[in-house]
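Chemist: The structure follows.
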There are 4 protein chains.
Amino acid sequence: MAPTKKVGILGATGTVGQRFILLLADHPVFTIHAVGASSRSAGKAYKDAVKWKQSKPIPANVDTLTVKSCVAEEFKECDVVFSGLDSDVAGDIEMAFLKANLVVFSNARNYRRDPTVPLIVPTVNVNHFDIIPHQRTVYGQEKGFLITNANCSTTGLVVPLKALQDAFGPMSHVLVHTQQAISGAGYPGVPSLDILDNVVPYISGEEEKMEWETCKILGGSDGKQFLPLTDTIVSATCTRVPVIDGHLESVSVKFANGCPSEEEIYKVFESYTSESQALGCHSAPEQAILVNRADDRPQPRLDRELAKGQAVTVGRVRPCPVLDVKFTLLVHNTVLGAAGSSVLNAEVAVAKGLI
Amino acid sequence: MAPTKKVGILGATGTVGQRFILLLADHPVFTIHAVGASSRSAGKAYKDAVKWKQSKPIPANVDTLTVKSCVAEEFKECDVVFSGLDSDVAGDIEMAFLKANLVVFSNARNYRRDPTVPLIVPTVNVNHFDIIPHQRTVYGQEKGFLITNANCSTTGLVVPLKALQDAFGPMSHVLVHTQQAISGAGYPGVPSLDILDNVVPYISGEEEKMEWETCKILGGSDGKQFLPLTDTIVSATCTRVPVIDGHLESVSVKFANGCPSEEEIYKVFESYTSESQALGCHSAPEQAILVNRADDRPQPRLDRELAKGQAVTVGRVRPCPVLDVKFTLLVHNTVLGAAGSSVLNAEVAVAKGLI
Amino acid sequence: MAPTKKVGILGATGTVGQRFILLLADHPVFTIHAVGASSRSAGKAYKDAVKWKQSKPIPANVDTLTVKSCVAEEFKECDVVFSGLDSDVAGDIEMAFLKANLVVFSNARNYRRDPTVPLIVPTVNVNHFDIIPHQRTVYGQEKGFLITNANCSTTGLVVPLKALQDAFGPMSHVLVHTQQAISGAGYPGVPSLDILDNVVPYISGEEEKMEWETCKILGGSDGKQFLPLTDTIVSATCTRVPVIDGHLESVSVKFANGCPSEEEIYKVFESYTSESQALGCHSAPEQAILVNRADDRPQPRLDRELAKGQAVTVGRVRPCPVLDVKFTLLVHNTVLGAAGSSVLNAEVAVAKGLI
Amino acid sequence: MAPTKKVGILGATGTVGQRFILLLADHPVFTIHAVGASSRSAGKAYKDAVKWKQSKPIPANVDTLTVKSCVAEEFKECDVVFSGLDSDVAGDIEMAFLKANLVVFSNARNYRRDPTVPLIVPTVNVNHFDIIPHQRTVYGQEKGFLITNANCSTTGLVVPLKALQDAFGPMSHVLVHTQQAISGAGYPGVPSLDILDNVVPYISGEEEKMEWETCKILGGSDGKQFLPLTDTIVSATCTRVPVIDGHLESVSVKFANGCPSEEEIYKVFESYTSESQALGCHSAPEQAILVNRADDRPQPRLDRELAKGQAVTVGRVRPCPVLDVKFTLLVHNTVLGAAGSSVLNAEVAVAKGLI
């Protein structure tokens, strides 16, 4: 079966854009039709415009595509537009695309707080797609809409939290400490002099994002508005470590209604499944949560490529003397934590008949 | 003034032993008189027995010392014995030295829980030396005694906690996440295949040590027994990162009697001073806590050498939504976190007339 | 088509053994029938005996195999035995297997200098298989034989040298400088304290191996003996760098009969093909040499996975003021440089009817 | 004795400028009088203008200096001006300073090829200062003059080559392979995504610089012009490795008049001494070349700080099958390889009465 949906990629020369291209290169539903980047790159062949930093080569067919400017007119034939734009330009461009009646899946942070824009982690809250009819009304579009995915570190956190919330009810407190890979900062991103033989205990804006995004994603939606969690308090500390890919997070949680046993928690993680999996989407992982019970796992270098980067690996479930329980998770920050979420979200939208 | 106290070093060829040698090389009070290691090394010149891994060369006078076996008879001329032995052999050897009426400062974990052995961080609780007369009675010694220093990661934690406790009263909850340097595991220690482009979310036994050592160190002593904190709950998560030296720790605390402001906390850190500093000891840092208010500090590579590794650097004081307040600290794990504590503890003992 | 040849793997728990398992997991010709390791591991399930360090999980079917001792009787059903044994034990074990009439492909160095044992890089000199009848005569075997593959760094070097030699005649001088990945030293291998923020300018025995192996591999065979190059002088300098996988080598060569142009050399590299490719072997790369003309390539992290690690990537061809021409090459040290060579060599042996 | 010479530092906020400040902070002859940087920084306090990346803090007295623009009028009180400017601006500014009759020691490459400007490595060719009277005539200055120091990697190379040349006569061929630290590229410099788990086999312009600078430095001067070596052929290959500080170089040389023994070479290295040492300059190392005969040395992390970074460490002297002899050297690229050369050159100029 040949792919049937034409897709465009904005910010196609950046690190997120490069991941979009790899994920969409042999896709059964989507075919890369157009790539957009800054005016500096527009008009060049993709391979001449990009500083390609992936360990797989540029897919054939994409390398010779002519880079377009990021204007909606150039992408009007696209059924889906994926945006890997930086937040300093994403705001205006994505809104222009939406108002041109295009379907946009954005990796940027600009519209995540918008009360009509879903913030979707595909193995957590694809039920938030139910706000699309309302969004179309607000923005006066017939078929266009805009979906955002979450910050890379939030994405990893909410998958196991959703499993816990579904099984054991609300959590009153969540305390998370991240050790984030350098690829999360894009290219050139983190200078090597800052990170070799070092850890940087700060990522601008990251802690705030984790603290509020978690509550929007884990909250409900009534089709007109989102209902973020109000009784869950999140405290995040974010650091940068010398790791290429894979964010590691140490999490402590306290449950509102009593603490389950470690074994119950492991079982819940192992059996957790999400709607995107039930819909049979191409990029949905077989298991949304992979459990590794070894003492010293998950580890970024050994576990990030499991399930092609679309699952979250969890281990070290144990009691927390201060809250209730502690565990460690790993998320591939440029797959599930970025482009992989957008692609799977788009597959869900196709499955739901929204595209 | 020439040094007057002869010192011996056990485990002198290991990584902690090498640090002892550097710290004692030009010391105003102590002079290296004897070095001990395993029977495999005994009889060799030190420079032939050691795989020296420091960025400064082996001090003259030490390189040609003949390595001795770790038996008390060989060290009987030593006024002070520093032990950098591994815990699998430290138990028997250190006890034999104590029973030979020798003064031992140990970096090993074996006697840290002993109810007559102080666990001392020199800028925190040198008042625990007051149990020495009692210890001598118990072990039937006239001048010999045994002091342990704390685990490297505990050492970093208790310095700012002590400052907070002195100023604002007890803390009910402490939650700490460490990112520990590879030098903490000795040599050969961490295989490079385990840590390059990686983080290992587990260090055997480390979390338990941080959780109970903190309560012994921050508790009192009545001269006969220690009075560990019973109302402070500590939860630790320990990880290994690709950093040569310097443990970074992210800490959240809750106070029993209400939370001070960030500015009050910064002031308390900046003005904190300890008895070892008041005694004018040679290795005591000018300030026990160095405050760095930049958003992205402390960092291991940039801050670990400050105050010759004998201070703790603290930054990022800010509210914790879950507990009361969060901050980040850095401790040089092989200086204040190991050999540097022992040396400063010994200086304090000299100043107090115990040696 | 189901695999038809049963294979055994010696040293199956080591790093080379783990690579063998990954390479043979879904192989069209070979099926993993037995795994052998030290007596410490024998009798355990493979997953319990191994410290698995690969980024892909242990293949199903292998994880529950019971580890055998490395004695020939236990492997007598195997059509092929791959040896990833360390050289300190490989000598006796491999000889015992050969004398038990088994077919052995060894990654160890022990028999590389044996005048009846081929030293084969599969994209260079599979014509050396022609000595097998003679070897069988010498060792009195009917179907068993022993093949070695080359040192990882030699393997990378000889592929482009063979292309140059075929096209432009003999080289009088070859000077090579390597920057070798830590995986080449096995596990635990290189201590992290030795290699983080560092380069080690020495690998024991490596320079000598490169200097003589090159001449055996690039020399001829008359079916009774090998005819190593005698007029090519090789000088090697070998260093260890903090890279996980992929040896980078800087090469200068002088030709006996005059120097071709850069463009001629690039063309020769691009068009080079070997017998193992012509035989259509499963693991043979489409191109044995991949040329990358960018100024700053090849690079280990970006290029090592190309062609599944079975090709050598070459770039930076330019004049050498001292010799004739300089270039840079990259070889995946644990694939083509180790297990991948053995597997492809075995495929060639099957194709030639030797197994 | 109080310092008597006022110095200015251009490019004071950059990585080379930061090194100048550390080296000059407690200098017996020089006192930091003025710091200059881009117009963006001018007018700010130094501590507010700089992103300080050194492991020692900003020296007191410097942190509050007001940054000046890099115009000669602002530095007219300075007896010496050190330039750490980038080459894209160094050309015009340094010439303007020279023409304002100022004494300039430059780390930039712009005037290294100028036939009246010495290219001086202070432990190699301070005799080239004899061209200063001629330079002053050419540029019409009474007391001002301009001295450059060499590229960091050239600097390391020429120290042992000078020792060999003095002892054994000219070398006909020199082949060098470098593994260069990231600090050589300044800040932000090398992106971490380019160098973690990687080696980059190319540094723009570096190989050409090593090839010609070596011949100018090792050549003579007749007081009117330089007499670069014409019969020594140099071939350089330069790579970037994940090391903070310290360039490692593998060198092969061929002598015009026959090859000395390894032991003779070691003796020559050990006994080599230069004029800057004989003059008793403050920053001159006790030994210009440190020999380490261990198999696996020098290593960047272990040896770069020896002699405060002003010596070159040499090891692994052994026969080269292709040329005559091979050895390995290490140079601290931001000390002797950059700011340290300039400072020692200036001390020599003071000792010679040129300032």
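Read-outs: derived from the displayed coordinates by stated rules, not from any lab. Computed from a predicted model, the values in this text were never measured in an experiment. Here the Cβ positions follow ideal geometry from the backbone for every residue, glycine too, while neighbour counts run over all protein chains shown.
Chemist: How many lysine pairs does the range D:152-332 hold where the Cα atoms are under 28 Å apart and the two sit 8 or more places apart or on different chains?
Modeler: Qualifying lysine pairs in the range D:152-332: 21.
Chemist: May I pose another question? Explain nothing, just compute: Karplus ³J(HN,Hα) = 6.51 cos²θ - 1.76 cosθ + 1.60, θ = phi - 60°, for every residue of the range B:142-155 in order, whole Hz, x for Gly and Pro.
Modeler: Listing the rounded values in order: 8, 10, x, 6, 10, 10, 10, 10, 7, 3, 4, 6, 4, 4 Hz.
Chemist: Specify the residue with the greatest mean-square fluctuation among C:163, C:294, C:49, computed from a Gaussian network of chain C linking alpha-carbon atoms under 10 Å apart.
Modeler: Residue with maximal mean-square fluctuation among C:163, C:294, C:49: C:294.
Chemist: Short version: ³J(HN,Hα) in whole Hz for each residue of the range D:181-197, in order, from phi by Karplus 6.51 cos²θ - 1.76 cosθ + 1.60 (θ = phi - 60°), x for Gly and Pro, what are they?
Modeler: 6, 5, 5, x, 9, x, 10, x, x, 6, x, 4, 4, 7, 10, 6, 6
Chemist: Kindly write out, for the range D:343-354 in residue order, the coupling ³J(HN,Hα) from the Karplus curve 6.51 cos²θ - 1.76 cosθ + 1.60 (θ = phi - 60°), rounded to whole Hz, with x marking Gly and Pro.
Modeler: 5, 5, 4, 5, 4, 4, 4, 5, 4, 7, x, 7
Chemist: Compute the FRET efficiency between residue D:134 and residue D:270 as 1/(1 + (r/R0)^6), taking r as their Cβ-Cβ distance and R0 = 51 Å, and round to the nearest 0.05.
Modeler: 0.90
Chemist: So which trypsin sites (Lys or Arg not before Pro) in the range B:241-301 are both in a DSSP loop and have at most 15 other Cβ atoms within 10 Å of their Cβ?
Modeler: B:293
Chemist: What net charge is computed for the residues neighbouring residue B:213, neighbours being all others with C-beta under 12 Å from the C-beta of residue B:213, Lys and Arg scored +1, Asp and Glu -1?
Modeler: +1
Chemist: What does the charge add up to near residue B:29, with Lys and Arg as +1, Asp and Glu as -1, over the other residues with Cβ less than 10 Å from its Cβ?
Modeler: Net local charge, residue B:29 excluded: -1.
Chemist: Also, quick follow-up: What residues have an amide H closer than 5 Å to that of residue A:237, excluding those fewer than 5 places away on the same chain, when H is modeled at 1.01 Å from N in the peptide plane?
Modeler: A:176, A:177, A:178
Chemist: Something else now. I'd like the antiparallel share, as a percent to the nearest 5, of DSSP beta bridges with both residues in the protein assembly as shown.
Modeler: For the protein assembly as shown, the DSSP antiparallel bridge percentage is about 45.
Chemist: OK, next. What dipole magnitude, in Debye to the nearest 20, does the range B:229-288 give about its Cα centre under +1 on Lys/Arg Cβ and -1 on Asp/Glu Cβ?
Modeler: The dipole of the range B:229-288 has a size of about 240 debye.
Chemist: Looking only at other chains, what is the average number of their beta-carbon atoms within 10 angstrom of each beta-carbon in C:203-211?
Modeler: 1
Chemist: Let me ask something else about it. Name the residue, out of B:64, B:148, B:178, whose mean-square fluctuation peaks in a Gaussian network model built on chain B with Cα pairs under 10 Å.
Modeler: Ranking B:64, B:148, B:178 by mean-square fluctuation puts B:64 first.
Chemist: I've got another one for you. Could you give the C-alpha radius of gyration of the range C:57-195 expressed as a fraction of 2.2 N^0.38 Å, taking N as the number of residues it contains?
Modeler: Normalised by 2.2 N^0.38 Å, the Cα Rg of the range C:57-195 equals 1.24.
Chemist: Could you check what % of the DSSP bridge pairs in the range D:152-332 are antiparallel, to the nearest 5?
Modeler: Percentage antiparallel, nearest 5: 70.
Chemist: Given N residues in chain D, what is its alpha carbon radius of gyration divided by 2.2 N^0.38 Å?
Modeler: Expressed relative to 2.2 N^0.38 Å, the Cα Rg reads 0.95.
Chemist: What residues have an amide H closer than 5 Å to that of residue B:103, excluding those fewer than 5 places away on the same chain, when H is modeled at 1.01 Å from N in the peptide plane?
Modeler: B:81, B:145
Chemist: Give me a single rounded figure for C:299-311: the average over its residues of other chain Cβ atoms within 10 Å of their Cβ.
Modeler: 4
Chemist: Would you please name the trypsin sites (Lys or Arg not before Pro) within the range C:74-159 that are DSSP coil residues with at most 16 other C-beta atoms within 10 Å of their C-beta?
Modeler: Answer in residue order: C:76, C:113, C:143.
Chemist: Say each of residue B:222 and residue D:6 gets a label point 7 Å from the Cα, pointing the same way as Cα to Cβ; how far apart are those two points in nm?
Modeler: The two pseudo-label positions are separated by 6.9 nm.
Chemist: Which of the GluC sites (Glu not before Pro) across the range B:9-107 are loop residues per DSSP, with 15 or fewer other Cβ within 10 Å?
Modeler: Here the GluC sites (Glu not before Pro) that fit, given the DSSP loop and packing criteria, are B:77.
Chemist: Would you mind checking which residues have amide H under 5 Å from residue B:290's amide H? H placed 1.01 Å from N; only 5 or more apart, or other chain.
Modeler: Amide H neighbours of residue B:290: B:312, B:313, B:314.
Chemist: Taking each residue of A:317-323 in turn, how many C-beta atoms of other protein chains fall within 10 Å of its C-beta, and what is the average?
Modeler: Across A:317-323, the average partner-chain Cβ count within 10 Å equals 5.
Chemist: Choose one of C:54, C:217, C:168: the residue whose Cα lies farthest towards the positive end of the charge dipole of chain C (beta-carbon charges +1 Lys, Arg; -1 Asp, Glu; about the Cα centre).
Modeler: C:54
Chemist: About its Cα centre, what dipole magnitude does chain C give when the only charges are +1 on Lys and Arg Cβ and -1 on Asp and Glu Cβ, stated in debye to the nearest 20?
Modeler: Roughly 580 debye for chain C.
Chemist: Using a label point 7 Å beyond Cα on the Cα-Cβ vector, give me the inter-copy distances for residue C:60 in nanometres, one decimal, shortest first.
Modeler: Output for residue C:60: 3.2, 7.0, 7.0 nm, nearest copy listed first.
Chemist: Right, another one. Output, in nm with one decimal and in ascending order, the distances from the residue C:127 label point to the matching label points of the other copies (7 Å from Cα along Cα-to-Cβ).
Modeler: Ordered by increasing distance: 5.6, 7.1, 8.6 nm.
Chemist: Follow-up question, since we're still on this one. If you restrict to DSSP beta bridges whose two residues both lie in chain D, what percentage is antiparallel, to the nearest 5?
Modeler: In chain D, approximately 45 percent of DSSP beta bridges are antiparallel ones.
Chemist: Tally Lys/Arg at +1 and Asp/Glu at -1 over every other residue whose Cβ is under 13 Å from the Cβ of residue C:85; what's the total?
Modeler: -3
Chemist: Measuring nothing but label to label, 7 Å from Cα along Cα→Cβ, what are residue D:262's distances to the other copies in nm, shortest first?
Modeler: 3.7, 5.5, 6.1
Chemist: Follow-up question, since we're still on this one. Place a +1 charge on the Cβ of each Lys and Arg in the protein assembly as shown and a -1 charge on the Cβ of each Asp and Glu, then give the dipole magnitude about the Cα centre in debye, rounded to the nearest 20.
Modeler: It comes to approximately 0 debye.
Chemist: Sticking with this structure for a sec: For the residue pair residue B:305 and residue D:167, what label-to-label distance in nm results when each label sits 7 Å from Cα along the Cα-to-beta-carbon direction?
Modeler: Using points 7 Å along Cα→Cβ, the separation is 3.1 nm.
Chemist: P(r) for the protein assembly as shown: what percent of alpha-carbon pairs falls in each 10 Å bin, starting at zero?
Modeler: Computed distribution, short to long bins: 1, 8, 14, 19, 21, 19, 12, 5, 1, 0.
Chemist: Take residue C:87 and residue D:96, extend 7 Å from each Cα along the Cα→Cβ direction, and tell me the distance between the two endpoints in nm.
Modeler: Here the answer is 6.2 nm between the modelled labels.
Chemist: Another one. How high is the FRET efficiency from residue A:26 to residue D:262, r the C-beta distance, R0 60 Å, rounded to 0.05?
Modeler: It comes to 0.55.
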